[in-house]
Amino acid sequence: MQQQQPQPQPSPKPKKKIRVPRVVNGVEQMVEIEVDEDTGPGWGPNDKHTLLNHKITRVDGPKKVTGMALYTYDMRLPGMLYGRILRCPHGHARVTKLDTEAASKLPGVKAIIQGPLTELRFAGAPVAAVAATTPEIAGDALRAIKVTYEVLPHVVHATDAIRPDAPKVVAEENNLQEKAKNGDLQKAETAFATADAIVEGEYFSQRVHHACLETHGMVVDYRGGDSASIYASTQGTFTIPGDAAKELGLEQSKVIASVEHMGGGFGSKFGIGIEGMFACRLSKQTKSPVKLMLTRYDEFVMAGNRSGSWQKLKAGVKNDGTIVALTARQYRLGGIGQGSQAGQPYIYRMGDTYREVYALHTNEDSSIAMRAPGHPQASFAIESLVDELAYKIKMDPVAFRKKNLRDEVYHRQLDRGAKEIGWSRRNPVAGGNPGPLKRGMGCAVGTWGGGGNNQCKVDVTILQDGAVYVAVGTQDLGTGTRTYTRAIVAEELGIGMNDVEEHIGNSKLGAANPSGGSTTAPSLSPSVKDAAIKARMMMAERVAPLLGNPKPEEVVFSGGNVSANGRSITWKQAAAALPAAGITSHGVWRADLQARGVHGVSFAEVEVDIETGFIRPIKMVHIQDGGLPLNRLTMESQINGGMIQSLGMAFYEGRVMDAQLGMQLNPGFGDYKLPGSLEMPEMVPIIDDDDKREAVIGIAEGCIIPPLGALVNAVFNATGLRIRDLPITPDKILMGLMNTTVISRG
Amino acid sequence: MTKSRDRQEDQKQPGHDPSRRKFLKGVGIVGAGAAIADQLWVEAEAEEQRPAPDDIKGRVKVVLDVNGEKRTSQVEPRTTLLNTLRNHLGPAVTGPKLVCDMGTCGACTVLLDGKPVYSCLVLAVDAENKKITTVEGLGSPDKPNAVQAAFVENDALMCGFCTPGFVTTISAYLKKNPNPTLAEVREACKGNFCRCGTYPRVFEAALAAAKASRA
C-alpha cells in the first residue's frame, strides 16, 4: 500500500514515543519512553524466516539425552561437603533449646549452624543446618540434633483461619487482611435487579507445588580468600552473586554464579533462598565447597507452592447473554505470605462490578510465584461462573464467551478451537449422554503480558577462522533459550546452527533478566538480534573490498556465503578478512522487536465414569498467539507443558494439610499426584499463525491459564456436576452424584 | 509381620531381584491403608525392643561394572547405588538423577543386567557382579542410540532432568518389545515422572525410535 504523503523534513534522529512494561517494586507497569524512530532492521514477516519460526531441535538436546549435561545437582568438587537442613515438625513453635553436641561428635560432621528464625510459623520451617562428608552422614547429624520446642497454637485451613477465635499466625495481627476494594457495590446491586438470571458460587483452588525435578539448591565453592564460585539451580543467574556475597562477606564482583543447565523452576527459583544462605554460611565456616540441595520433602514443605484461593462470586445475566453485574470476594491463601490472585472479573466484560480482595493467612510456608501467578486461580473461578451463566440462559458457551469478550482475537481462537475439538459433537445438555461413561466438553479463555524489558546485553564475536560466539549471562530453564539465541545469530549471518556456539548461564557474561513472567524471550531476543545485526554490518564493512565495495547493507549473508554485486565468497573466506582478534558487537534491547499481550483459548474433552467417579481426559486443545514464534518445536512443547500442569491442577494435584498436626500429609511423589503417562489425553498444541505481529512475546504463562477452566467445564458438560473445589477427584464426583454438598478443604 | 520378615531373612534367597515391578507391588501393599501403617508402627516398636544387631560400621569396598568398566569405591554399606554412582565413583556418573530418593519418580533409572531399576532403591553392595548400564552407557552425543536420537528429534525433553530416566526405561522396554503400541509405551513409562510436560513427545519419540530400530 503506497500512499502519497508529503515528505517529512529530514531530521538527524527522529524520535517516537512507545509504551513499554517496566517492573517497579515487583509490579509491572506500562510507561512511555522515547526511542529512535529508525532503530534498525526488524524481524521481517513471520513467514520469511530461514531458521526462526521453524522446528529447530534443541542444541542442548544431545547432551541432555545422554546424561552429559551437568546440572547444579551433578557438581562434585574436591573436598566438597554435603549440607542438609533440619526442619520444624510443628505448625507453630519456638525453639527453646538446640542441643547439637551429640551431632557434632559424629565422625564426618564438619559444621552445624542454627537457623535465623526464632519463631517458626509453619511445619517445615528451617531450624538448623549441617555439613558433612556424605549426604548419609548429614542425615545422621540431623537425627542426632535434639531440639526442644515450645509448641504454639496453629491453624492451617483457610476456613478455620478466618474465624475470629482462630489462632493468630502472626501475634497481634488479624489472619484476615483487607488488600483492595474496587468498583461500586451499590451500582452492582442495582444491576442485579435487571438480570434475568443470577448465579452465585463459592470456589476453592488448592495449593499446588512447583515440584521442580531438580530441587532448589546450590554448590558454594569458597575455600577462604576473597572470591567464590557458585553453581546454582536458578531462574536468574544474576539474582545469585549479590546475596551470596553478603553471606560470604565478599565483594559482589568476586562472586561468580553459573547455571549451565537447570532442572525446572516454574517461578520458584529466584535469589539464593534460605538454602543458599545456609550453603554460604556452611562453606564460609568450613572453608570447603558445600553442596546443599533440598530433599524432596524439603521441596514440598518450604520451597514453593501456588497460592490457594477462595472466591465468592455472584453474577447476573440477561437472556440475550449480556452479563450485567458481578460482585466478588476474593481471598488469597498464601500461608504466611501474601498470596496472589488476579482481580475479578478477570478478562470478561461484566457490566457493573465490585470486588474485595483479602489476604488470609495460615500456618503454612509462603506461596511463591508460580507460572502465571494468580491467574489460573482467577480463571478457574470466572470460567466456571461464565459457563454456569451460559447454561442457565441456555446459550452455547462459545457464543456466550464471544458475547462478553471484546477482543476479536479470542473470537477467532474460539472458532478454531471449537473446530479442532469437534464442538459440534458435544451434547448441549449437561450430563445428557446415556450410559455410565459420560463424555463432555468445555472451553476457557486466558491472557498474559509477555513483554520484555531493557536488561540484556549480548556480545557476538566472529573470529578470523569463522567461529561465531554469542555470549550473554541468561539461563535456559528448559524453555529453549540456548537454541533460539543461537538460531537468531545463525539466521542473521546466513550460517548453520552448528556454526554458532552460545555461552550462557554465567554472571561474568553480559547482563540478563531473571526468567519470570514470560519476559525472557522478549527481553533477550531483541538484544541478540541487535548484536547479530551489528556483527553482520561490521563484517560487511570488512569484506566490502572483496566484493566490489558495496554498502554494508547491500551485502547478502545467506547459505554460508557472503555476496554482493554478483560476487560471492564463503563464510570462511569472509571471516579471513577480519582482524586477527576478530570482531565483537554489543547488542542492546530494542522495544520495537518485542511486544506484549497474548491470547490463549483452551478446549477439553473428558470422560467421567459415574459409577466410580474416575475422570479420563480424552483430548486437550490449546491455541496460543505469541507474535513471532522463535522456534515452533520448543514453543509447542511449552504449550503442551502448560496444558499438562493445568491438567494436574484440575484433577490430580493438591497439598493436603492435617488440621491437628499442622503439617503436610503428602510431601512426596508417592502421595502428591503429578500427572503421569497414564493420564495423558491426546494433546493438540496450536500456534496461532493469524497473529502477524513481527515481534517476540513470551508465551509460557499464557498456556497454563485456560486449560484448567476448559477441563472443569468439560466435567460439568459430561455429568451436570458443578464442582467448585479443586482438584476434582473421584470422591467429589461421587458425592456430587449423591447430591451431597462437597466439603471443601480450603 | 516381623516374623514373616525374619523368616525371609533366614531363607536363602534365590537371587535378589530388585526389579521395578516387584517394587511397585510392594508400594501397592504399603499404600493399602491405615491398618497396615498401624501394623508397621507396632512392628517398628517391637523392633526397638530387640537387642540391636552388630552394626556394620565404616566402609566396604565395592566393585561395580558400570557401562562395561570395572569401577571400585569404598562406601558405607547403606549407600545406594545412585549415591555411589554420583558421589563416590571418580569420575562421577551423574546421568541418573536424584529427584525423590524414595522410588517414586524414575529419574534415577539404570539397567541392572538389562532390567530397569530405580537406583535409589538398590544398595551399591547389592549391585556387585551385575552389569550396570546408565544413560551414558546407551549412547553419546556423537553416537546416540535410537531412543536418544528420537528424543532430540521429537523434542521429548525440556529441562531434561527426567530425561535420562525416560531414555533408560524406554531403551530397555524396546529391547523387550520392539514393536509397541502407544498404550504399551504409556504403560512402560508409568514409573517415570516429568514436570515440564513432555509426555506426548516422549511417547512420539519412543514410537519413532521403535520404527527407526526396525528399519
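At a glance:
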{"quantity": "Residue match in region B:178-191 (condition: within 13 Å of chain A (Cβ to nearest Cβ), open to solvent by less than 40 Å² (accessible area, probe 1.4 Å) and touching a residue at least 40 places away in the same chain (Cβ under 8 Å))", "calculated": "yes"}
{"quantity": "One residue from A:GLY83, A:GLY79 being out of contact with any strand residue (DSSP E or B) (no Cβ under 8 Å at 6 or more places or on another chain) and in the same structural domain as A:SER229 (by TED's automatic domain parsing)", "calculated": "A:GLY79"}
{"quantity": "Residue that is farthest from A:VAL712 (Cα to Cα) [pool: residues in region A:631-653 that are hydrophobic (A, V, I, L, M, F, W, C) and within 14 Å of chain B (Cβ to nearest Cβ)]", "calculated": "A:LEU633"}
{"quantity": "Any hit, region A:329-349, residues being under 29 Å from A:GLU299 (Cα atoms), surrounded by fewer than 21 Cβ atoms within 10 Å (Cβ to Cβ), in contact (Cβ under 8 Å) with a residue 24 or more places away in the chain and β-branched (Val, Ile, Thr)", "calculated": "yes"}
{"quantity": "Criterion: without any contact (Cβ under 8 Å) to a residue 24 or more places away in the chain, closer than 23 Å to A:ASP476 by Cβ and among the aliphatic types (A, V, I, L, M) - qualifying residue of B:VAL152, B:VAL202, B:VAL167", "calculated": "B:VAL152"}
{"quantity": "Only listed residue being more than 14 Å from chain B (Cβ to nearest Cβ), open to solvent by 30 Å² or more (accessible area, probe 1.4 Å) and within 30 Å of the chain's Cα centre (by Cα), chosen from A:GLY91, A:GLY42", "calculated": "A:GLY42"}
{"quantity": "Flag for B:THR163 being in contact with a Gly (Cβ under 8 Å, 6 or more places away or on another chain), at the interface with chain A (Cβ under 9 Å from one of its Cβ atoms), hydroxyl-bearing (Ser, Thr, Tyr) and crowded, with 16+ Cβ neighbours inside 10 Å", "calculated": "no"}
{"quantity": "Unique residue being under 17 Å from B:GLU76 (Cβ atoms) and buried (at least 21 other Cβ atoms within 10 Å of the Cβ) when the list is B:CYS100, B:CYS108, B:CYS120", "calculated": "B:CYS120"}
{"quantity": "Enumerated strands (runs of 3 or more DSSP E) restricted to region A:494-575, each holding at least 3 residues that are more than 39 Å from the chain's Cα centre (by Cα)", "calculated": "A:561-564, A:567-570"}
{"quantity": "Total residues in region A:269-292, condition under 26 Å from B:CYS159 (Cα atoms) and assigned to a loop (DSSP other than H, G, I, E, B)", "calculated": "5"}
{"quantity": "Subset of region B:74-90 [in a loop (DSSP other than H, G, I, E, B), open to solvent by 10 Å² or more (accessible area, probe 1.4 Å) and at pLDDT 95 or above]", "calculated": "B:GLU76, B:PRO77, B:ARG78"}
{"quantity": "Matching strands (runs of 3 or more DSSP E) fully within region A:193-250 where at least 3 residues are aromatic (Phe, Trp, Tyr) and surrounded by 21 or more Cβ atoms within 10 Å (Cβ to Cβ)", "calculated": "none"}
{"quantity": "Residues that are out of contact with any strand residue (DSSP E or B) (no Cβ under 6 Å at 6 or more places or on another chain), surrounded by 24 or more Cβ atoms within 10 Å (Cβ to Cβ) and hydrophobic (A, V, I, L, M, F, W, C), drawn from region A:254-298", "calculated": "A:MET262, A:PHE266, A:ILE272"}
{"quantity": "Matching entry among A:PRO667, A:PRO675 (being under 25 Å from A:THR295 (Cα atoms), within 14 Å of another protein chain (Cβ to nearest Cβ) and open to solvent by 10 Å² or more (accessible area, probe 1.4 Å))", "calculated": "A:PRO667"}
{"quantity": "Among the residues listed as A:ILE686, A:ILE704, the single one being touching a Lys or Arg at 6+ places or on another chain (Cβ under 6 Å), within 30 Å of A:TRP589 (Cα to Cα) and among the aliphatic types (A, V, I, L, M)", "calculated": "A:ILE704"}
{"quantity": "Selection count where residues are open to solvent by less than 40 Å² (accessible area, probe 1.4 Å), over 30 Å from A:SER367 (Cβ atoms) and assigned to a helix (DSSP H, G or I), scope region A:125-158", "calculated": "4"}
{"quantity": "Filter pass, B:PRO200 being more than 20 Å from the chain's Cα centre (by Cα) and open to solvent by 60 Å² or more (accessible area, probe 1.4 Å)", "calculated": "no"}
{"quantity": "Hits in region A:525-537 (condition: open to solvent by 30 Å² or more (accessible area, probe 1.4 Å) and touching a helix residue (DSSP H, G or I) at 6+ places or on another chain (Cβ under 8 Å))", "calculated": "A:ARG536, A:MET537"}
{"quantity": "The listed residue being at pLDDT 95 or above and within 14 Å of chain B (Cβ to nearest Cβ), out of A:VAL715, A:VAL656, A:VAL684, A:VAL696", "calculated": "A:VAL684"}
{"quantity": "Filter pass, A:GLY115 being crowded, with 17+ Cβ neighbours inside 10 Å, of a type outside the set (Val, Ile, Thr) and modelled with pLDDT under 95", "calculated": "yes"}
{"quantity": "Region A:482-524 - residue that is among the β-branched types (Val, Ile, Thr) and in contact with a strand residue (DSSP E or B) (Cβ under 9 Å, 6 or more places away or on another chain) and, of those, surrounded by the fewest Cβ atoms within 10 Å (Cβ to Cβ)", "calculated": "A:ILE495"}
{"quantity": "Test: residue in region A:437-446 that is touching a strand residue (DSSP E or B) at 6+ places or on another chain (Cβ under 9 Å), at pLDDT below 95, of a type in the set (Gly, Ala, Ser) and farther than 22 Å from A:LEU721 by Cβ", "calculated": "yes"}
{"quantity": "Failed condition for B:ALA146, given (1) more than 19 Å from A:ALA69 (Cα to Cα); (2) open to solvent by 20 Å² or more (accessible area, probe 1.4 Å); (3) more than 10 Å from chain A (Cβ to nearest Cβ)", "calculated": "(1)"}
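Residue-by-condition table, conditions (1) without any contact (Cβ under 8 Å) to a residue 40 or more places away in the chain; (2) on the phi > 0 side of the Ramachandran plot; (3) in the same structural domain as A:PRO707 (by TED's automatic domain parsing):
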{"residue": "A:PRO522", "(1), (2), (3)": "no, no, no"}
{"residue": "A:GLY548", "(1), (2), (3)": "yes, yes, no"}
{"residue": "A:GLU554", "(1), (2), (3)": "yes, no, no"}
{"residue": "A:GLY559", "(1), (2), (3)": "no, yes, no"}
{"residue": "A:TRP571", "(1), (2), (3)": "no, no, no"}
{"residue": "A:LEU578", "(1), (2), (3)": "no, no, no"}
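The values are calculated or read from the model by the stated rules, or taken from the named source; none is laboratory data. Computed from a predicted structure; not experimentally measured. No Cβ is skipped: glycine too gets one built from the backbone with ideal geometry, and neighbour counts run over all protein chains shown. These accessible areas exclude ligands, DNA and RNA; they are computed on the full protein's heavy atoms, side chains included. Shrake-Rupley method; radii C 1.70, N 1.55, O 1.52, S 1.80 Å.
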